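Read the structure below first, then the notes.
The values are calculated or read from the model by the stated rules, or taken from the named source; none is laboratory data. None of these values were measured; they are calculated from a predicted model. Here the Cβ positions follow ideal geometry from the backbone for every residue, glycine too, while neighbour counts run over all protein chains shown.
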Amino acid sequence: MIDRIGRARQSGRKIWALLFVLLALFCVIFFAARGRFQATASTSTVGTVLAPFEMIFSYAGQQIQHVTSNLWEIATVHEQNKMLKNEIDQLRQQNTMAEEYAAENARLRELLAYKQSAQQFDLLAARVIGRDAALWTSTIVVDRGSKDGVRENMPVVTGKGLVGRVTEVSPLSSKVQLILDVRSSVGTLIQRTESRVTGIVTGTMDNPYMPQMINIPRNADVQDGDAVITSGFGGIYPKGIPVGQIVSQHSDDTGLLKVALIETAVDFQRLEDVAIITSSREAPPAPIQPAPLSPGAAAAAEISVTQAKAAEQ
């Protein structure tokens, strides 16, 4: 029992001695590092003994400083990346807005050029704010209404050609029936001088973006690629507005007339800005002077003209 107590005391003394030595080493290294420990001849041996420990502590301090520096750099880089991502997002938004402004500017320039070339018309610029493309109807809504002087049956165009006509008007907006609508009926003619064949352009359910020109005589001089313009008959659409060009022809169900499919001058799938013709200083087309007819033939011709005007309206 006494031996055990003695061994325990000796072990405790060793532990305290080790702690004292470590504390002394730490103090010596600390003051030496701060320049407050002046080595003399009597302490040179101690310095030699402590040198390895100083190297260890110095290396450990350098590593800690290196790790701390790396952590700080990582945090800084992370924050910079976050800021750069925000700047990139802002630049993308600005780029998108710039592209939209450029596209809108191009469309407005196109309308302005058309206005300068068609000075016989008073034009009111409008923006498309709604669209209805059902199976048998094709209309849009524009942001101009009765407060802007818009009235029913006013023609609507772009710088490239005919869009349609105003069918409904409210104070701040209007509904426009496109020439693609199956209910639409536009008096037209072939622009080519050698042809000048007339017909009616109307929408079709078979191809909602490609209207057709009907009532073309079977032997009429109509060719693929011919330009189609408004004829001016009917009192709604002024003469000479581009409608499109013929891409194909076929006989109708009776075999007596031809039907021509038309590729429109206006890209209706990308329609965003239009112009409403509020007034026209163009003289109406001169009436055609037919040869004298018998009373019965004259009555039939009068009925035919009345039906054509009713169809266009």
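Suppose we keep only residues that are surrounded by 15 or more Cβ atoms within 10 Å (Cβ to Cβ) and in a loop (DSSP other than H, G, I, E, B) within segment 196-208. Which one would you say is nearest to the chain's Cα centre (by Cα)?
That would be PRO208.
Kindly state which strands (runs of 3 or more DSSP E) lie completely within segment 124-177 and contain at least 2 residues that are touching an Asp or Glu at 6+ places or on another chain (Cβ under 7 Å) and either surrounded by fewer than 20 Cβ atoms within 10 Å (Cβ to Cβ) or at pLDDT 95 or above (or both).
Passing ranges, in order: 162-169.
Does THR278 qualify as being within 30 Å of the chain's Cα centre (by Cα), β-branched (Val, Ile, Thr) and either under 17 Å from VAL182 (Cα atoms) or modelled with pLDDT under 85 (or both)?
So THR278 does not fit the description; no.
Would you point out the residue of segment 210-229, among those that are over 31 Å from the mean Cα position of the chain (by Cα) and either outside the structural domain of SER184 (by the TED database) or outside any loop (DSSP other than H, G, I, E, B) (or both), that is farthest from VAL259 (Cα to Cα)?
PRO217
Condition (residue is at pLDDT 95 or above and charged (D, E, K, R)) applied to segment 232-254: is it met by at least one residue?
Checked segment 232-254: no residue is at pLDDT 95 or above and charged (D, E, K, R).
Out of all the residues in segment 243-258, which are surrounded by 15 or more Cβ atoms within 10 Å (Cβ to Cβ) and farther than 17 Å from ASP181 by Cα?
If the condition is that a residue be surrounded by 15 or more Cβ atoms within 10 Å (Cβ to Cβ) and farther than 17 Å from ASP181 by Cα, then GLN245, ILE246, GLN249, LEU257, LYS258 are the ones that fit.
How many residues does segment 187-205 hold that are over 15 Å from ILE246 (Cα atoms) and among the hydrophobic types (A, V, I, L, M, F, W, C)?
Going through segment 187-205 one residue at a time, the tally reaches 1.
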